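What follows is one structure encoded as structure tokens, with my remarks underneath.
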Amino acid sequence: MFARLGRPNEAARSLLMCATYTLSLGRLDEGKAAAERALDYAREHHIRWYEDNNAAFLAALMIARCDFAGFEALAEERAGDVGYPIPLLKAWRAEVKGDHERALNLLPDPAVAGGFPLYLAHILAARARVMFNAGRVEQARQEFTRLREAWQRMGARTYDGVAIEGSALPYLDEALPHLADDAFMAAAEKHMRHWHDAPTPSFYAAVTANCTDRVFADVALHRGLVDDAAEHYRRSLAWCERERLPIEAGRCLQGLAEVAERRGKRAEALQLLDRAAALFQQHGARLYLDRVITRKLELQGISSSDIHTSIDRVTASVQRERPEISVHPAPDGTITIMFSDIEGSTQLTERLGDKAWMKVLREHNAIVRKQIKAHGGFEVKSEGDGFMIAFQSAGKALACASAIQKALLARNDSAAEPVKVRMGLHAGEVIKEGEDFFGRNVIMAARVASQAQGGEILASAVLKALVESAGDIAWGESRDVELKGLSGKHELFEVRW
């Protein structure tokens, strides 16, 4: 009607709203056709805002249906868009693949919102989730606080004094229960229930590519409403399977597994986790696959505290065997010890299977040993992907660690299965400490490495002091931590490689 009246802006808005409404009801093929019509009309009449938003709807649907090649092509085509939805989808794609550093780098700055409160809320919510999944919990909490402040400023609806604007909740997704307090979760449940218990419920968020009914089920389960959550997970799973959203289907299965576990049905929970893992494996959703594998191991009686890392195994062997360290101390009497292992290797082995894991392991070990030789190190002990290496020079030890990380980064660019390695270094005085070198110093180096994230090098304060005068090492932020088996707080330093 608006088009016939010569009012193209109103016509473009009407077409956009039609696409939004149809998609939200979960009629995705019909909604896709509506978004394509709306995009064509906006292009024809050069109405950029509506063009950008309809393109974002189509990009989100490609993500949801795991058409990643189509998404990448559309994202490239829309590279000139000034909006935030497609950049947030690109961050989601990297996040789900397990590439948290790239996801963080892809996050748009809140300034992109242009001061519009609703857009700011969407960006802050997505930033909080990505930061949480990347392990930056304190930063995630700060973004969540800013989000709540934005809701207050925009006059969002309140529930028992808690302001909530519902379109940002799907952006928070799995981070929500970890960032919000009980009062907020109660308010979120009330807000979402209005939409999900309606005669015509909402199923899909057009720009976040997830099933909103599954998000509501997550909230209900966190609130202890197990039967309620089970009903919504089952309904969401049926919808996801019908509308061809495999990763979301996997997340529904993940939720149903927790329901089964809470009801004491361990065997059923394991079967549901297996189904979820198969979907996540097939579609490269490493973020969720690793969580499913970890939960499965725990249900099988292997708790996270029982899953000893390769660093733990190497440390135990060294303390038991006390092998000879064929490295002469530096002039100051010190030897530098470095420990390293692949982050999440237990889950990686479970996910890949023995044959593929052995291929990854051989590649990793070859890279490490090449750099040990190039930098004059001595391989004291190795167990699987875990290494203990000794160096006469603290500087050479740090150079070797940096070289290993750079070589692995180059390998990951073309590898089917990227790996990230944790590294930690400490130096001890061999002559002064004698036999105790294998006790306190080895444990210290191992514990430093255990504090590192994948792709990170950490050094003890002792090691930093040894090389500081050279001035050729770039240091990141320090952190005060407690180390298992060692009393007091210990200051560790990130090495920028």
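Per the listing ARG369, ARG322, the residue uniquely on the phi > 0 side of the Ramachandran plot, of a type in the set (D, E, K, R) and out of contact with any Lys or Arg (no Cβ under 9 Å at 6 or more places or on another chain) is ARG322.
Set side by side, the residues LEU28, LEU89 differ, and just one is out of contact with any strand residue (DSSP E or B) (no Cβ under 8 Å at 6 or more places or on another chain), crowded, with 19+ Cβ neighbours inside 10 Å and touching a residue at least 12 places away in the same chain (Cβ under 8 Å), which is LEU89. Identify, please: which residue in segment 99-136 is part of a helix (DSSP H, G or I) and charged (D, E, K, R) and is, among those, modelled with the lowest pLDDT? Checking each candidate, the answer is GLU101. Scan segment 244-253 and tell me whether some residue there is under 23 Å from LEU89 (Cα atoms), in the same structural domain as LYS90 (by TED's automatic domain parsing) and surrounded by fewer than 20 Cβ atoms within 10 Å (Cβ to Cβ). Within segment 244-253 (the criterion being under 23 Å from LEU89 (Cα atoms), in the same structural domain as LYS90 (by TED's automatic domain parsing) and surrounded by fewer than 20 Cβ atoms within 10 Å (Cβ to Cβ)), the answer is yes, since at least one residue qualifies.
Against the conditions (1) among the hydrophobic types (A, V, I, L, M, F, W, C); (2) over 30 Å from GLY250 (Cβ atoms); (3) out of contact with any Asp or Glu (no Cβ under 9 Å at 6 or more places or on another chain), ALA12 satisfies every one except (3).
Helices (runs of 4 or more DSSP H) fully within segment 338-456 that include at least 2 residues being of a type in the set (Asp, Glu) and surrounded by fewer than 16 Cβ atoms within 10 Å (Cβ to Cβ): 354-374.
Do we have ALA206 as of a type outside the set (D, E, K, R), assigned by TED's automatic domain parsing to the domain that holds ALA260 and closer than 21 Å to LEU25 by Cβ here?
yes
The criterion of being exposed (fewer than 14 other Cβ atoms within 10 Å of the Cβ) and closer than 18 Å to ILE247 by Cβ does not hold for ALA33.
Look through segment 53-98, keep the residues that are outside any helix (DSSP H, G or I) and hydrophobic (A, V, I, L, M, F, W, C), and return whichever of them is farthest from PRO246 (Cα to Cα). Per the stated criteria, the residue is VAL82. I need the full set of residues from segment 456-497 which are within 25 Å of ALA407 (Cα to Cα) and in contact with a His (Cβ under 6 Å, 6 or more places away or on another chain), in order please. Residues satisfying the conditions are SER460, LEU463. Restricting attention to segment 473-496, which residues are outside any strand (DSSP E or B) and in contact (Cβ under 8 Å) with a residue 40 or more places away in the chain? The answer is ILE473, GLY485.
Checking segment 39-58 against the condition returns no match, with no residue being assigned by TED's automatic domain parsing to the domain that holds ASP197, without any contact (Cβ under 8 Å) to a residue 24 or more places away in the chain and of a type in the set (Gly, Ala, Ser).
For ALA366, the conditions (1) touching a residue at least 12 places away in the same chain (Cβ under 8 Å); (2) under 20 Å from ASP413 (Cβ atoms) all hold with the exception of (1).
The values are calculated or read from the model by the stated rules, or taken from the named source; none is laboratory data. Given the structure is predicted, the values throughout are model-derived calculations rather than measurements. Reconstructed Cβ throughout: ideal geometry from the backbone, glycine too, with neighbour counts over all protein chains shown.
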